[in-house]
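Undergrad: The structure under discussion is supplied below as structure tokens; questions concerning it will follow.
The values are calculated or read from the model by the stated rules, or taken from the named source; none is laboratory data. In this text the structure is predicted, and so the values were computed from the model without any measurement. Every residue, glycine among them, receives a Cβ derived from its backbone with ideal geometry; neighbour counts consider all protein chains shown.
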Amino acid sequence: MNAIDYILISIVIILIILIVSYYKKLNYICGVLDEILAGNLNQRVRLQNNIKQLGRLSVKLNSIIENFQKVNEKSRINEESRKKMISNISHDFRTPLTSMLGYMELMLDDNTTNDKLFDCNSLNCKQKNEYLEVIYNKGSYLYNLLEEFFEISKLDSNDVKIEIKEVNVSEIIRQNIISFFNEINKLHIEPKINLPEDDVYALGDEKALNRILNNLINNAIKYGVQGTIIGVNLIEDEDKISIEIYDNGGGIPENEIDYVFDRLYTVEKSRKLNTKSSGIGLTIVKKLVNSLNGTISVSSVPFEKTVFKFTLPKAL
């Protein structure tokens, strides 16, 4: 082996060492970026080397990370301010609105008061009572809307106390169906309830579960009004229980189904049906299901079957 061969071998070895060194440093940079993407914004790229290009890359990356950290912190502060503002506004509106609704309810219930109040020639008492009922209904809708905003702000701030314990899911479903029974009958919709013969128990919070079922059944009534059936299925598996709320109404278009749990999002058809939906109810449902360590999904074939299905851990 002559001198040229030794020189070539040395060059190859040096190149291999450089490539391995580059690879290790780039792999380290990728690892740092993975940590940052996972949420550790305090992480930085720290390289000790004589490679000018890698040094410049490290400086640029650290600069981007620092700017991103500042933007993220500002966003967090703004989000906290927004949540606090919504909560304060909801609270400030609820008190006078409750008082107004109380007075209107008294006027609607007291015929003597109505006769004295509506003593004029332009409109008769019956018409004025009708107008008062419209005002009362609009006020009630506004109050319920504020309640939803208030609740979503509490959920966002983790200000809702969730107590996970064994609950009788079968009984909670029965109670919720009974509360909507008159409304379902008025709409001439057939209720189909499928519960196991023995009561089913899950790990959850009774108040949260009542709110989930109330919202989902109310949603099925609103959007299933064009159908003929509203159903509830309770399914028991080895480690979980599943609850399905379904209807055969107008359903959800395929291009909109991914957005139904988004805040303030309402299906386009609901506007035409005048359902007065705030677009918050299903957001509350998803947050509550998640807080109970459950999952929720939706599927829809318009005028055949629209199903909201959520799961909860089974009580052992």
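A quick yes/no check of all residues on (1) within 32 Å of the chain's Cα centre (by Cα); (2) at pLDDT below 70; (3) among the polar types (S, T, N, Q); (4) over 30 Å from Asn129 (Cβ atoms):
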| residue | (1), (2), (3), (4) |
| --- | --- |
| Met1 | no, yes, no, yes |
| Ile7 | no, yes, no, yes |
| Lys84 | yes, no, no, yes |
| His91 | yes, yes, no, yes |
| Pro96 | yes, no, no, no |
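Undergrad: Also: Might you check whether a residue that is surrounded by 12 or more Cβ atoms within 10 Å (Cβ to Cβ), of a type in the set (D, E, K, R), under 30 Å from Glu73 (Cα atoms) and at pLDDT 75 or above occurs anywhere in the stretch 49-56?
TA: No.
Undergrad: Let me ask something additional. In the stretch 241-250, is there at least one residue being assigned to a helix (DSSP H, G or I) and over 20 Å from Gln175 (Cβ atoms)?
TA: Here is the first cut: in the stretch 241-250, the ones assigned to a helix (DSSP H, G or I) are none.
No: the stretch 241-250 contains no residue that is assigned to a helix (DSSP H, G or I) and over 20 Å from Gln175 (Cβ atoms).
Undergrad: Of all residues in the stretch 207-240, which are more than 19 Å from Val298 (Cβ to Cβ) and not in a helix (DSSP H, G or I)?
TA: Of everything in the stretch 207-240, those that are more than 19 Å from Val298 (Cβ to Cβ) and not in a helix (DSSP H, G or I) turn out to be Thr228, Glu236, Asp237, Glu238, Asp239.
Undergrad: Out of Val200, Val169, which single residue is in contact with a Phe, Trp or Tyr (Cβ under 9 Å, 6 or more places away or on another chain), assigned by TED's automatic domain parsing to the domain that holds Lys287 and either of a type in the set (Phe, Trp, Tyr) or within 17 Å of Pro313 (Cβ to Cβ) (or both)?
TA: Values: Val200 fails: in contact with a Phe, Trp or Tyr (Cβ under 9 Å, 6 or more places away or on another chain).
So the residue among Val200, Val169 that is in contact with a Phe, Trp or Tyr (Cβ under 9 Å, 6 or more places away or on another chain), assigned by TED's automatic domain parsing to the domain that holds Lys287 and either of a type in the set (Phe, Trp, Tyr) or within 17 Å of Pro313 (Cβ to Cβ) (or both) is Val169.
Undergrad: Hey, another quick one. With the checklist (1) assigned by TED's automatic domain parsing to the domain that holds Pro191; (2) under 30 Å from Tyr103 (Cβ atoms) in hand, flag the one item Leu142 doesn't pass.
TA: Here Leu142 meets the rest and fails (1).
Undergrad: Further question on the same structure: Give all pairs with beta carbons closer than 8 Å in which a residue from the stretch 203-226 that is assigned by TED's automatic domain parsing to the domain that holds Val301 meets a residue that is part of a helix (DSSP H, G or I) and of a type in the set (Ser, Thr, Tyr); count only pairs at least 6 apart in sequence or on separate chains.
TA: Note: pairs meeting the criteria are Asp205/Ser291; Ala208/Ser291; Asn214/Ser179; Lys222/Ser270; Tyr223/Ser270.
Undergrad: Name, by its number, the condition in (1) under 19 Å from Ile280 (Cβ atoms); (2) surrounded by fewer than 21 Cβ atoms within 10 Å (Cβ to Cβ); (3) touching a strand residue (DSSP E or B) at 6+ places or on another chain (Cβ under 9 Å) that does not hold for Asp239.
TA: Tallying (1) under 19 Å from Ile280 (Cβ atoms); (2) surrounded by fewer than 21 Cβ atoms within 10 Å (Cβ to Cβ); (3) touching a strand residue (DSSP E or B) at 6+ places or on another chain (Cβ under 9 Å), Asp239 fails exactly one: (1).
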